[in-house]
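Please treat every number below as a calculation from the coordinates, not as lab data. Values in this document were obtained by computation on a predicted structure and should not be read as measured data. With ideal geometry, Cβ positions are generated from the backbone for all residues, glycine too; neighbour counts draw on all protein chains shown.
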Amino acid sequence: MVNSNEVTDYLNLITQAFDQCKKMLNELNVVKVNTEDTAGAAQIVASKGVRDTGAIASSRAAEIYGLHILSKKFQDYSNIVTRFLILAREPILPGTDKPHKTSIVFTLEEGPGVLFKALAVFALRDINLSKIESRPLRSRPLRIVDDSNKGSAKYFDYFFYIDFEASLAEPRAQYALRRLQEFSSFLRVLGCYPVDINL
């Protein structure tokens, strides 16, 4: 928690920050005030110069606005990760000068070893996967394998979301995606962004 000096009575923070710190905020029994973002909350606290007001914000915001950090890891759960995305109308190819992460989504047709083949395109190119998630497709959440409705085997169609540690500018990532596209029924790159190695 960032504070101008002493324990806080008022906190300026956004709703998401409230949600991630409910337990601690309830223990402090403080009045909560919404702002547009956590960095903005730190700026408000600094500009008002009040000693009984604080903000939940990053250590970088504390540094920028000259605030004292009273508590680090203020959130209820230590494994909370917040992602921020930058959207552009035209694709921007990242460089290879620093580590990057790429996020993709794809679907596969049912078949023996299909998911294994999808994951192998990354393993064979020494690309580490940092996240794998699957979600059923809304349009076809459940299908019967036998079109005559006499069969009993049923399965779900899924979207697979993967984050992998490579830049789209790297040939190995381009080759992996090209190979994945050969047997996926749908593939989209959601984004490629630099990895914060300080986390």
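Worth pointing out:
- Rg/Rg_globular for the range 19-117, with Rg_globular taken as 2.2 N^0.38 Å and Rg from C-alpha atoms: 1.62
- FRET E, pair Arg135, Asp52, Förster distance 45 Å, beta-carbon r, rounded to 0.05: 0.50
- Take each peptide in 59-70, 18-29, count the other Cβ atoms within 10 Å of every residue, and average; sorted highest first, the result is 59-70, 18-29.
- The modelled label-to-label distance between Asp76 and Glu63, using points 7 Å beyond Cα along the C-beta direction, is 3.0 nm.
- In this structure, Thr96 and Lys32 have a Cβ-Cβ separation that, at R0 = 45 Å, corresponds to a calculated FRET efficiency of about 0.55.
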